[in-house]
Amino acid sequence: MASTEIVDLLWTWTPFLAGGFAWNILISLVAMLIGTLFGAVLARLRLSGPGPLAHASLLLTELTRNIPTFVFLFYLAFLIPAEFAMAGDLYAFPVWLKASLALSVAVIGFVSDNLFVALQHRQNRNHAATLLFIPSWTTYLLIIVMASSTASVIGVGEIVSRCNVVIAAVGGDETMLWVYTYAIAYFLLFCLPLNWAMGYARKRLLARIEAAAS
């Protein structure tokens, strides 16, 4: 396949693939939102001092750290019904939301641990160290974005799933190589600038911490 044919092929399917990547971003953001809310609750409970609530929140944090996300994705896919009744009407349960819920479990454990440390720093009035939670949270978002491609196995039309549609429609091993490479470019263009920015922010915050300690 000539280079011009490859460019034309990718350009033709770009809106379709970009729409799939938008699902990756949506799944990841919802997973981070759910995980952050529940993880923040656990972090606050862990700061409540010795007692049953703090102990239970620590146990829940350990649990969320050790649940395999990919397995939990299948678990939720079968556990949560495809439809549910409300006020006499049937509503579909979005499959993409199942993926977000599965990915949010890992986020809960991450936020519980990292926000717990950040809140301890805030209690000690170490504000620069507290702010380190922000680049850490954003970096973890990038991990979740990359992991969101697993949603294709339960039928979410994200970018990897749509790559398979394109390959099936066009055919050819060479097409497969270029389509998947193009999909990788989406992840790189989204993740690399944010990763660089968060690395820079982390260095600046660490420099402030060192300056305050000296």
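The values are calculated or read from the model by the stated rules, or taken from the named source; none is laboratory data. Just so it is clear, the model here is predicted, and its values are computed rather than measured. Here the Cβ is made from the backbone with ideal geometry for all residues, glycine too, and neighbour counts use every protein chain on show. The protein model used for the area step is the full one, side chains on, heavy atoms only, and it has no ligands, DNA or RNA in it. Shrake-Rupley method; radii C 1.70, N 1.55, O 1.52, S 1.80 Å.
Please verify whether Leu177 is farther than 18 Å from Trp96 by Cα and modelled with pLDDT of 95 or more, treating the condition exactly as stated. So Leu177 does not fit the description; no. Please determine, by comparing only the residues of region 155-170 that are open to solvent by 30 Å² or more (accessible area, probe 1.4 Å) and β-branched (Val, Ile, Thr), which one is nearest to Val30 (Cα to Cα). So, considering only residues that are open to solvent by 30 Å² or more (accessible area, probe 1.4 Å) and β-branched (Val, Ile, Thr), the one nearest to Val30 (Cα to Cα) is Val160. Taken over region 63-91, the criterion of being modelled with pLDDT of 85 or more and open to solvent by 80 Å² or more (accessible area, probe 1.4 Å) is satisfied by Leu63, Arg65, Asn66, Phe70, Val71, Tyr75, Phe78, Leu79. Once region 119-154 is narrowed to residues that are under 23 Å from Val179 (Cβ atoms) and not β-branched (Val, Ile, Thr), the residue that is surrounded by the fewest Cβ atoms within 10 Å (Cβ to Cβ) is Met146. Tallying residues that are of a type outside the set (A, V, I, L, M), closer than 17 Å to Ile6 by Cα and free of Cβ contacts under 8 Å to residues at least 60 places away in the same chain within region 174-212 yields 2.
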